[in-house]
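Below is one structure, written out as structure tokens; the observations come after it.
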Amino acid sequence: MSNNNIFGTSGGSSWSQSVVMNLIILNVIVFLAQTLLPQGTGGERMVDLFGLHFWKSADFRIWQPVTYMFLHGGFSHIFFNMFALWMFGRILEYDMGSRRFLLFYLVCGVGAGLCNLAVNWFEYNRFVSLGYAHIAPMQLQMWADNVVTIGASGAVFGVLLAFGMFHPNDRIMLLIPPIPMKAKWFVVAYGVLELFLGVTQQGSNIAHFAHVGGMLFGFLLLVLWKKTGKIYY
């Protein structure tokens, strides 16, 4: 594989200059603010302002498809996202260069959010199609107001997809079951699983289609960059 580092620093840069490290620090700072600020005026208000709300909600703001990915719902949520970002992202930052990696990460995160909004729109129209005899307009609006998405998972899934494309034959050790698997098969299996769960577990508090959306936007961006000669893998 050839590397194209015409943008920014490579993997030899210090942690203080690393996009991955700065993203982790930013996510941790925001999470601490969510956790430590007084309830009702602090963390909850941050979710109201910066979490991704359905566009028919009164709380929707135009910046939320970007800001939602820096909020998290608990320690395990942020820990596993940041661990995956550190494990795979630092290698990809070396492969792509820092600026290109940051652009890739943000595109995957925004793309995941847009896919999740599209799923919300589909669900909303499905409720409308049931007719007001089955669901009152007030109930429908309450549903729209309560739909909110937070977390870096969509962007991280895009990073995972990119790792599988850049390093398809690298082996990843699974935790359950504890067996090694080539990265390309790990990515395919994870993508299929998320798509399956998205279809079969509608109404779940996990945004499976956002994960798939992050991988989809990441794939399309990598294909575009490869066709235009901006990156090689």
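The values are calculated or read from the model by the stated rules, or taken from the named source; none is laboratory data. Values in this document were obtained by computation on a predicted structure and should not be read as measured data. FYI the Cβ positions are ideal-geometry reconstructions off the backbone, even for glycines, and counts take in every protein chain you see. All accessible areas refer to the heavy atoms of the entire protein, side chains included, with ligands and DNA or RNA removed. Shrake-Rupley method; radii C 1.70, N 1.55, O 1.52, S 1.80 Å.
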For the structure I just gave you, tell me whether Phe50 is open to solvent by 50 Å² or more (accessible area, probe 1.4 Å) and at pLDDT 85 or above. yes
Here are some conditions: (1) modelled with pLDDT of 95 or more; (2) open to solvent by less than 10 Å² (accessible area, probe 1.4 Å). Leu106 meets all but one. Which one does it not meet? (2)
Consider Ile6 carefully, then state whether it is out of contact with any Phe, Trp or Tyr (no Cβ under 7 Å at 6 or more places or on another chain), modelled with pLDDT of 95 or more and of a type in the set (A, V, I, L, M). no
Any residue in the range 207-227 that is surrounded by fewer than 24 Cβ atoms within 10 Å (Cβ to Cβ) sitting within a Cβ distance under 6 Å of a residue that is in a helix (DSSP H, G or I) and modelled with pLDDT of 95 or more? List the pairs, counting only those 6 or more apart or interchain. Leu221/Val107
In the set Asn169, Asn205, Asn146, the lone residue that is at negative phi and at pLDDT 80 or above is Asn169
Can you name every residue in the range 140-160 that is free of Cβ contacts under 8 Å to residues at least 60 places away in the same chain and either in a loop (DSSP other than H, G, I, E, B) or open to solvent by less than 20 Å² (accessible area, probe 1.4 Å) (or both)? Leu140
Given the structure, is Ile135 open to solvent by 80 Å² or more (accessible area, probe 1.4 Å), β-branched (Val, Ile, Thr), assigned to a loop (DSSP other than H, G, I, E, B) and at pLDDT below 70? no
Exactly one of these conditions fails for Gln34: (1) free of Cβ contacts under 8 Å to residues at least 40 places away in the same chain; (2) open to solvent by 60 Å² or more (accessible area, probe 1.4 Å); (3) under 24 Å from Val159 (Cβ atoms). Give me its number. (2)
Which condition breaks for Met69 when tested against (1) modelled with pLDDT of 90 or more; (2) over 16 Å from the mean Cα position of the chain (by Cα); (3) open to solvent by less than 70 Å² (accessible area, probe 1.4 Å)? (2)
Flag if Phe122 is modelled with pLDDT under 95 and touching a Leu at 6+ places or on another chain (Cβ under 9 Å): no
